Amino acid sequence: MLGGMQDWPLLVGRFMDYADTNHPRVEVVTKAVEGGIHRYTYADMHLRTRKLAQALKRLGINQGECVGTLAWNTYRHVETWYAAAGIGSIYHTINPRLFPEQLTYIVNHAEDKVLFLDLTFVPLVEAFKDKFIHIKNYVIMTDLEHMPQTRLPNVLCYEELLNAEDGNFKWLEIDENSACGLCYTSGTTGDPKGVLYSHRSNFLHSMIAGAKNSVEVGANDCFMPIVPMFHANAWGVPFSAIGAGAKLVLNGPCHDPEELQQYIIDEGVTGTAAVPTIWTGMLAYLKASGKDLGPLTNVTIGGAAAPRSMIEAFQEDYGVIVKHAWGMTEMGPLGTIGTKTREAITLSKEEWLDVQCKQGRTLLGIEMRIVDDEGVVLPCDGVAFGNLEVKGPCIVERYFKAEKSALSADGWFDTGDVATIDQFGFMNITDRSKDVIKSGGEWISSIDLENTAVNHPDILEAAVIGISHPKWDERPLMIIIPIEGKAITKEQVLEYLEGKVAKWWMPDDVIFVDEIPHTAVGKISKKTLRKQFKDYTFP
Ligand code: AMP
């Protein structure tokens, strides 16, 4: 028997309607690409988004077609997401830091019909325009005054598109399982793969992300997602913050720690989210300048492992609670997050910090397990580690345009991560399965080694890769960037690691560099490092 409740499709346009009705005067603030600060309210955003929806229809964008975006976190980018979703088309975020071949592949594979781009990316797109097969129009996200001279064909000005419409538009009522957004994974091997989010998955994910057990965003918050909107939906914040009526602060093209710190103070930012690389720079700046994070109380760190020293600095030096999260593009993206449970209340500060170095517990709506290579489910004892598999309504079933399902016969998605789960449900990522170092038949966690090393006060960043070894198959090589002005030696590093990691995990060599390569979403690129050190042999 069915329940007797209303059928109210979970469509993302409802978030914006909610903000307009219930929080119309709440501000959305952006560091504008043209310079300066742009400020308006949810009521303004709602009207402009409906105008853009009308403009998209006028441009001939149909239901199920893709609207590409090459844009920073700005109010116009948010408007584009909601307008595309509101007419039943699909916002497709493109990471501008991808390799040119990947970028072209993605735009063509998605069959983007129109490309919205920030001024920053005009030269980039000009270089590839002839390779984009399906794009009919390029919309430069600026006003008439700032429109550049460009070689792009069929160029339109964002603000002029809006000026031609009246905003008298209602979101299309469609099935909640309809496609809503598209994001390609960075693709360490083969072509990038598209994850096609539905309205329902975005809606559910945003409710999950906004909850207190999660990233947490409420009407009395001021939230700034520094994680880009082109990195896995900015972890859902553009939906959950709007659906909560929180003040939304967007950093535009700004990633400089000094400017970000000032922005946090000026706008009263209480919550934020970003990958560890951003925070490495910010914490170094705060230490050098003696400044603090003012009103900030809540930071979600994910995308790569957050080292203990980073979590400790946030909490002890700046009074900011860290939520260490794990997830992936394929999951919408949140999977686990470290928030305090009742069982953890009695832990000492040090004990809780140990737990916080793990990637947290599953969120509502996610099932998780670890299995060995034969598919046998392993115990949650904090010791056994295996392939991490997940299930849930916000997790990919098949990649965009793929013929085959991405799931195992019994419906689990293999994340490609290797992890332990302890008796309290806290999961700890040991490695990506392809980054794990196999030494004498045993596995060494590169993440553990890196995180232990960066706790040293003179080390800014550390990366560990496996180098082939005649006897052991692979042994760890540690690559380090010292803090500017500090001279640290290999012997000092090894001495520091001693007793903190298993003896047989100790790196066979330590190398000092000025730069460690990062992926398009700011993680250490092990693939590039392995290429860089392919001819390296241990002394
Ligand atoms: P992406 O889809 O680009 O966000 O990448 C997802 C992958 O990033 C995951 O499968 C993990 O390997 C890694 N990752 C995400 N969060 C964390 C974390 N907190 N600690 C360690 N690895 C992480």
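With respect to Ala53, determine if the residue is surrounded by 24 or more Cβ atoms within 10 Å (Cβ to Cβ), more than 30 Å from Asp256 (Cβ to Cβ), in contact with a Phe, Trp or Tyr (Cβ under 8 Å, 6 or more places away or on another chain) and in the same structural domain as Ile106 (by TED's automatic domain parsing).
On the way: surrounded by 24 or more Cβ atoms within 10 Å (Cβ to Cβ): yes; more than 30 Å from Asp256 (Cβ to Cβ): yes; in contact with a Phe, Trp or Tyr (Cβ under 8 Å, 6 or more places away or on another chain): yes; in the same structural domain as Ile106 (by TED's automatic domain parsing): yes.
In short, yes.
Does Val383 satisfy the criteria of being within 11 Å of the ligand (Cβ to nearest atom), β-branched (Val, Ile, Thr) and in contact (Cβ under 8 Å) with a residue 12 or more places away in the chain?
no
How about region 387-416: which of its residues are over 14 Å from Asp372 (Cβ atoms), within 13 Å of the ligand (Cβ to nearest atom) and part of a strand (DSSP E or B)?
Those that are over 14 Å from Asp372 (Cβ atoms), within 13 Å of the ligand (Cβ to nearest atom) and part of a strand (DSSP E or B): Val390, Phe413, Thr415, Gly416.
Pull up region 321-360, narrow it to residues that are free of Cβ contacts under 8 Å to residues at least 12 places away in the same chain and in a loop (DSSP other than H, G, I, E, B), then point me to the one that is nearest to the ligand (Cβ to nearest atom).
It comes out as Leu347.
Determine which single condition Ser405 fails, assuming it passes every other condition in (1) within 30 Å of Glu111 (Cα to Cα); (2) outside the structural domain of Gly425 (by TED's automatic domain parsing).
Against the list (1) within 30 Å of Glu111 (Cα to Cα); (2) outside the structural domain of Gly425 (by TED's automatic domain parsing), Ser405 comes up short only on (2).
Inside region 437-463, can you point out the residues that are of a type in the set (A, V, I, L, M, F, W, C) and touching a Gly at 6+ places or on another chain (Cβ under 8 Å)?
Ile437, Ile444
Run down Phe512, Phe538 and say which single residue is within 29 Å of the chain's Cα centre (by Cα) and more than 16 Å from the ligand (Cβ to nearest atom).
Within the list Phe512, Phe538, the selection yields Phe512.
If you take the residues of region 426-456 that are of a type in the set (Gly, Ala, Ser) and more than 11 Å from the ligand (Cβ to nearest atom), which of them is modelled with the lowest pLDDT?
In this case the residue turns out to be Gly441.
When you scan region 282-301, do you find a residue that is within 11 Å of the ligand (Cβ to nearest atom), at pLDDT 95 or above and in contact with a strand residue (DSSP E or B) (Cβ under 8 Å, 6 or more places away or on another chain), even just one?
yes
Can you list the strands (runs of 3 or more DSSP E) lying wholly within region 76-192 that have 1 or more residues being of a type in the set (Ser, Thr, Tyr) and out of contact with any helix residue (DSSP H, G or I) (no Cβ under 6 Å at 6 or more places or on another chain)?
Answer list for region 76-192: 90-93, 137-140.
The values are calculated or read from the model by the stated rules, or taken from the named source; none is laboratory data. As the structure is a computational prediction, the values presented were derived from the model and not from experiment. Cβ: placed from backbone, ideal geometry, glycine included. Neighbour counts: every protein chain shown.
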